[in-house]
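> Have a look at the structure that comes next, please.
Any read-out appearing in this document is the output of simple, stated calculations on the displayed coordinates, not a laboratory observation. None of these values were measured; they are calculated from a predicted model. Reconstructed Cβ throughout: ideal geometry from the backbone, glycine too, with neighbour counts over all protein chains shown.
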Amino acid sequence: MDFLLSLKWQDVVDILVISFLIHRFFLLFRGTTALQILFGLLFLWLCHTVAQASGLVLTSWFFQGLGAIAVLVIVVVFRNEIRDVVVQTSPARLFLGRPYESWTIDLSELERAVFRLAKNRTGALLVFQQRDRLAQHLSEGIPLHGRWSPEIMASVFAKESPLHDGAVIIQGNRIKSVGAYLPLTKKEGLPRQYGTRHRAAIGLSEMTDVVIVVISEERGEVSVVHRGEVELIPEPPQLQMVLNRLLLRTYTTVKPRTRLRELLIQAAGLLLTFLLVSAAWGIYSGKQLSLINVTTTVDFRNIPENLELRRSSAERVEVQLTGKRRLVSVLKPEQVSAFLDLSTVDEGFHRIVLNGDNVELPPGLEVVRITPAAIRLEMEKRVERAIAVEPNIVGSPPPGFLIDRINVRPGSVRVSGPLSTLNSMLSLNTEPISMSDIEPQRGEKIVKIPVVLSPASIKLLPGQNKEVLVTIQLKSKLTSQSSSK
């Protein structure tokens, strides 16, 4: 849930773009040695991540170093293939994907041509290139770039031809080059009847995804080599079935892909890539640190009973925090509070420097900076004193009456407060007493009402009652006038 709450629209776009690019790179390098290398590097990274998350320091260090060395070795060993990828990959090919080159050679015609050469004991090597690039593995060879035909193949492998010892490189329905020499396998324990052609075919098939048809000059046998494995083909129909399986990648029981089905497969692959990238983004963002500024009120705690905080240079501070992105994104301002412990201060002026110990935070967050970095305080001594109580009369007496006398019991209360405040204070007022509800026939109003302790630094001493009894006596104006006469 925290992962979803921390997502912004920029993060969604970021994940979509990376998912699309990774999916296109996968289509571009699918089935190549480069993709296998990338999977190997990904495996090393996953091992390093798991070891690091588990707290296996030595194992994490080992996989991290191994990954760095592997990158260097790959750049050195596969520099030619990397160069080919950079040179041959255009932006359009990257964004539109790598088209799958369909094989348009008539396999029945190829089958007849191959077994015709085998019958005549004419040796041959037919290399069918798939997705892996072969340039770095081949030597010599003459570029042809012509359409494949049985006649060209027969003329190239004729014993009188100077190119008959080399291989024909076929891609799609075209012959890329002729007379190419393949790397020999270093595998030991091969059958004695395997000559140079078989060893060359095995050597190239161990390095790439090629499919190679080998025709033995000595025995007139036809073999198909793929991924280092040799399969003897005794009958012509079997050759067509094997090439169907390895080149066309179709079986008679499997329906060919339609455009809609291909789009569905692409969409499923893109969705899977999106989910994997989202998971990786969640792990990555969870490790990333973010900054946030929070403004909070300073809580002045543990003020000694004989002292009072008269003034402070700041009552609010701005706290800059750092922590993992997912924690910072769900942080609420009320979860951050600042405080000052004044239990050890005495009377006078003080300058207190703020640090992380003065801030209360959720686990996983740290304080980077506090502004202001220090607060100046003035602490004043508290004193005790008796202060007179004055009733706060609101309104006028009823028509025809005057206030004759006001009596307050008790007439004063004992309070404690800052020395400067009590020195300037003459009295404390009560809460408002309204004259509108007084009854003239009774001639007086008796009310029990609280005393207003203002400012807030004023406090009643223990045993003092906050309420006082106020008696207001009235007299008639006529009586007052006759008395004056």
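> Please list, in order along the stretch 61-68, the HN-Hα scalar couplings obtained from phi with the Karplus expression 6.51 cos²θ - 1.76 cosθ + 1.60 (θ = phi - 60°), rounded to whole Hz, x for Gly and Pro.
5, 5, 5, 5, x, 5, x, 5
> Right, next: Can you sort Leu190, Leu428, Leu419 so the residue with the fewest Cβ neighbours within 10 Å comes first?
Listed from fewest to most nearby Cβ atoms, that is Leu190, Leu419, Leu428.
> Given +1 on the Cβ of Lys and Arg, -1 on the Cβ of Asp and Glu, and no further charges, what dipole in debye does the stretch 368-485 carry about its Cα centre, rounded to the nearest 20?
200 debye
> How far apart, in nm, are the 7 Å Cα→Cβ label points at Leu264 and Phe43?
3.3 nm
> Oh, and also: When the chain is fully extended, how far beyond the present Cα-Cα distance does Thr471 get from Phe349, taking 0.36 nm per residue of separation?
39.4 nm
> Each label point is 7 Å from the Cα along the Cα-to-Cβ direction; what then is the distance between the points at Lys448 and Leu426, in nm?
Going from the Lys448 label point to the Leu426 one covers 3.1 nm.
> Can you compute the modelled spin-label distance between Ala388 and Ser412, with each label point 7 Å from Cα toward Cβ, in nm?
Taking the simple label geometry, Ala388 and Ser412 are separated by 0.9 nm.
> Once the convex hull of the alpha carbons of the stretch 382-484 is built, what does its volume come to per residue, in cubic angstrom?
In the stretch 382-484, the Cα hull volume divided by residue count equals 107 Å³.
> Could you please rank Phe115, Phe39, placing first whichever residue has the fewest other Cβ atoms within 10 Å of its Cβ?
Phe39, Phe115
> One quarter of the convex hull surface, Cα atoms only: what value does that give for the stretch 413-461 in nm²?
4.4 nm²
> Given H placed 1.01 Å from N in the peptide plane, which residues other than close sequence neighbours of Phe300 have an amide H under 5 Å from its amide H?
Leu340
> While we're on this one: Just to check I understand the Karplus step: with θ = phi - 60° and J = 6.51 cos²θ - 1.76 cosθ + 1.60, what whole-Hz values come out for the stretch 341-353, glycine and proline as x?
So the Karplus estimates, Gly and Pro as x, are 8, 9, 5, 9, 7, 10, 5, x, 9, 9, 10, 10, 7 Hz.
> Nearest 0.05, what FRET efficiency do Lys187 and Thr322 give at R0 = 45 Å with Cβ-Cβ as r?
0.20
> Apply the Karplus curve 6.51 cos²θ - 1.76 cosθ + 1.60, θ = phi - 60°, to the phi angles in the stretch 154-163 and return the couplings in whole Hz, x for Gly and Pro.
Per-residue couplings from phi come out as 5, 6, 5, 8, 4, 4, 7, 6, x, 9 Hz.
> Here is a follow-up. So how much slack lies between Ile152 and Arg219, counting 0.36 nm per residue of separation and subtracting their Cα-Cα distance, in nm?
21.8 nm
> May I pose another question? Mark the label point 7 Å from the Cα of Gln441 along Cα→Cβ and return the residues of the stretch 375-412 whose backbone N is within less than 20 Å of it.
So the set is 397-402.
> Looking at Phe349, Gln335, Ala314, which one has the Cα that reaches farthest to the positive end of the dipole of the stretch 269-365 (charges on Cβ: Lys, Arg +1; Asp, Glu -1)?
Result: Gln335, furthest along the dipole toward the positive end.
> Could I ask something else about it? Check Gly228: other-chain or 5+ apart residues with amide H under 5 Å from its amide H, H built from backbone geometry?
Ser205, Glu206
> Okay, moving on. Got the relative contact order for the stretch 107-248 handy, in percent, Cα pairs under 8 Å and 6 or more residues apart?
29 percent
> Quick one: Trp9, Trp45, fewest Cβ neighbours within 10 Å first, how do they rank?
So the residues, fewest neighbours to most, are Trp9, Trp45.
> Moving on. Where in the stretch 141-211 are there GluC sites (Glu not before Pro) that are in a DSSP coil and have at most 16 other Cβ atoms within 10 angstrom of their Cβ?
For GluC sites (Glu not before Pro) across the stretch 141-211 that sit outside H, G, I, E and B with at most 16 neighbouring Cβ atoms in 10 Å, the list reads Glu160, Glu188.
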